[in-house]
Amino acid sequence: MLTGKRVLLIIGGGISAYKALSLIRLLRGQGCAVTPVLTQAGAQCVTPLSVSALAGQKVHSALFDLTEEAEMGHIELSRSADLIVVAPATADLMAKMAAGRADDLASTLLLATDTPVLLAPAMNVRMWQHPATQRNLATLRSDSIRFVGPDAGEMACGEHGPGRMAEPEAILAAIRAMLVQGPLAGQHVIVTSGPTHEAIDPVRYIANRSSGAQGAAIAAALRDLGASVTFVTGPAVVPPPDGVRVVAVQTAQEMLAAVEAALPARAAVFAAAVADWRVENASTSKVKKDGSGQAPALRFVENPDILATISRGDTRPALVVGFAAETDDVLAHARAKRLRKGCDWIVANDVSLHTGIMGGSENSVTLITATGEETWPRMAKNSVAAQLAARIAQALQHD
Ligand code: C5P
């Protein structure tokens, strides 16, 4: 339930504005008060009457309305809620926010607020994919604005691709994650993710197939339970989730330094696929073929083991979780790894190419702890993450 919570809902001008009506109903059904703001374009899509009837409150729409200013100024309005939700968030609204413009009530509220903001973008696929919108998205993310969607699929304009507003139930879930105090509220957790890149020379490097999907999903799941997450990521394909502190690194040595700098933490999950070796004789200039047919001789040196270093360090988190990505004898290797590295839990998975796990969207894992082993059914990486985050919260509660 969201009893006693207050959401300021800004409805932008998009065909999906009609879904904002269902969102109001869902929120009110959870006991949440909804103060609606309708942009001029939004009022072309849904009527102020239906919005205010469902919200049970008057609709705010004009910036300079003397009666409204006397009752509740726009500054106060922008801060009176626990959360501001923009649904649908149009390309225009995102551009205004990214630029810090304030030329109507909605953009002024968004600039004047110090309340968390959640955006549910909705626009044509080309508008969403346009470099300007993607630039604005990156700017807003770095301003700590959170996003839900957009979804991919058939659009009202007949085109196909990302741009559809998230369904009201998904927006509600994102709102709940931001408003409800989770079991990890106030706890700092570190997650490492993605591959590392180890230089051969300034243009070449050694890497691996990790997409960063599982690490990103774990960071998002821990965030959803209220944790304050430091996400230390190598150059991954999957972007980092919103609402976490991102530290981007390239090499294993940089990753270790970033993790050490982020300590102390209550828990740490090491999901990164760290390169075991780096090139000791990496060249500072591009290595050339010399015509002799001789390949350059690369000398390798072992990288620091981040998981083992942190597990045995002075500022060890209460719970340290490692991953064991193996291609054969998965469980035997994973059990030995837990002991060798000194971590509390190991999440073992089979990354043989035929499993499609590395770089794929599903995972099939066995959780190995000091007291037992559990094999979970193959499921989406998001579900593995949610289950693991719940187990972490449970373990820390009993700690
Ligand atoms: O030894 P292996 O690479 O299989 O161990 C995997 C686990 O150890 C993962 O949790 C990984 O993030 C972590 N690891 C690390 N630093 C390394 C190598 C692995 O933290 N240099």
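Across every pair of non-identical alpha carbons in region 1-58, the mean reciprocal distance, once inverted, gives a Kirkwood radius of 11.1 Å. For the chain, what is the calculated [θ] at 222 nm in deg cm²/dmol (nearest 500), taking -39500 (n - 2.57) for each run of four or more DSSP H residues and dividing by its residue count? Taken over the chain, the calculation gives -10000 deg cm²/dmol. Taking other residues whose beta carbon is less than 9 angstrom from the beta carbon of Trp277, and scoring Lys, Arg as +1 and Asp, Glu as -1, yields -3. Figure note: Asp114, Asp350 ranked by solvent-accessible area, largest first, 1.4 Å probe, ligands and nucleic acids not counted: Asp114, Asp350.
For the chain, the share of DSSP beta bridges that are antiparallel, to the nearest 5, is 30%.
Solvent exposure of Arg312, expressed as accessible area, is near 140 Å², computed with a probe of 1.4 Å over the protein chains only.
Checking the table Lys5/Lys96; Lys341/Lys381; Lys58/Lys96; Lys289/Lys337 against a 32 Å threshold on Cα-Cα, which pairs fail? Working shown, then result.
Working: Lys5/Lys96 27 Å; Lys341/Lys381 24 Å; Lys58/Lys96 25 Å; Lys289/Lys337 40 Å.
Beyond 32 Å between Cα atoms: Lys289/Lys337.
When Rg and the Kirkwood Rh are both derived from Cα coordinates, the Rg/Rh ratio for the chain amounts to 1.04. Here Lys286 is the anchor, and the aspartates and glutamates within straight C-alpha reach of less than 13 Å, apart from those fewer than 8 places off in the same chain, are Asp201. For region 186-229, rounded, prolate or oblate, judged on the Cα gyration tensor with a ≥ b ≥ c (square roots of eigenvalues), a/c < 1.5 rounded, else prolate if a/b > b/c? In terms of gyration-tensor shape, prolate. Summing charges over neighbours of Arg378, with a neighbour being any other residue whose Cβ is under 12 Å away from its Cβ, gives -1 when K and R count +1 and D and E count -1. The stretch between Trp376 and His130, if pulled fully straight at 0.36 nm per residue, gains 84.5 nm over its current Cα-Cα span.
Over region 1-153, accessible surface divided per residue gives 45 Å², non-protein components excluded, 1.4 Å probe. Within region 6-179, antiparallel bridges make up roughly 20 percent of the DSSP beta bridges whose residues both belong there.
By the combined test of axial Cα extent (at least 20 Å) and Kyte-Doolittle hydropathy (mean at least 0.0), the qualifying DSSP H helices of the chain come to 381-397.
For Ile75, Ile357, Ile200, the ranking by accessible surface with the largest value first comes to Ile75, Ile200, Ile357, using a 1.4 Å probe. Measuring only protein heavy atoms, the 1.4 Å probe finds Val180 accessible over about 60 Å². Could you compute the longest span of the chain free of GluC sites (Glu not before Pro) located in DSSP loops and having at most 14 other Cβ atoms within 10 Å, not counting the site residues? So the longest stretch without any such site is 1-158. Here the gap between Thr355 and Arg25, fully extended at 0.36 nm per residue and compared with their Cα-Cα distance, gives a gain of 114.5 nm. When the Cα positions of Ile11, Ser61, Cys32 are compared along the charge dipole of region 6-179, Cys32 comes out farthest toward the positive end, with charges on each C-beta of Lys, Arg, Asp and Glu.
Taking the Cα centre as origin and putting +1 on Lys and Arg beta-carbons and -1 on Asp and Glu beta-carbons, what dipole magnitude results for the chain, to the nearest 20 debye? Can you show the working numbers first?
Values: 35 positive and 37 negative charges, 61 e Å.
Here the size comes out at about 300 debye.
Here the accessible area is traced with a 1.4 Å probe on the protein chains. For the chain, carbon and sulfur cover 52 percent of it. The alpha carbons of region 63-196 stretch over 54, 44, 29 Å along the principal axes, in descending order.
Using the Kirkwood radius over Cα pairs, work out the Stokes-Einstein diffusion coefficient for region 188-397 at 10 °C and 1.306 mPa s, in µm²/s as a whole number.
Details: Rh = 17.6 Å.
The calculation lands on 90 µm²/s.
For region 149-165, putting each phi into the Karplus relation 6.51 cos²θ - 1.76 cosθ + 1.60 with θ = phi - 60° gives couplings of x, x, 8, 9, x, 5, 10, 4, 7, x, 8, 10, x, x, x, 6, 5 Hz, in residue order, rounded to whole numbers and with x for Gly and Pro.
How many angstrom lie between the C-alpha centres of region 128-154 and region 279-345? Here the two parts' Cα centres lie 35 Å apart.
Suppose every Lys and Arg Cβ carries +1 and every Asp and Glu Cβ carries -1, with no other charges. What dipole size does region 188-397 come out with about its Cα centre, to the nearest 20 debye? Before the final figure, lay out the partial values.
Working: 20 positive and 20 negative charges, 38 e Å.
Dipole of region 188-397, to the nearest 20 debye: 180 debye.
Protein-only accessible surface at a 1.4 angstrom probe places the residues Val365, Val59 in the order Val59, Val365, largest first.
The values are calculated or read from the model by the stated rules, or taken from the named source; none is laboratory data. Being a predicted model, the structure only gives us computed values, none of them experimental. Every residue, glycine as well, gets a Cβ built from its backbone with ideal geometry; the counts of neighbours run over all protein chains shown. When the accessible area is computed, the model is the full protein with side chains, heavy atoms only, and any ligands, DNA or RNA have been set aside. Shrake-Rupley method; radii C 1.70, N 1.55, O 1.52, S 1.80 Å.
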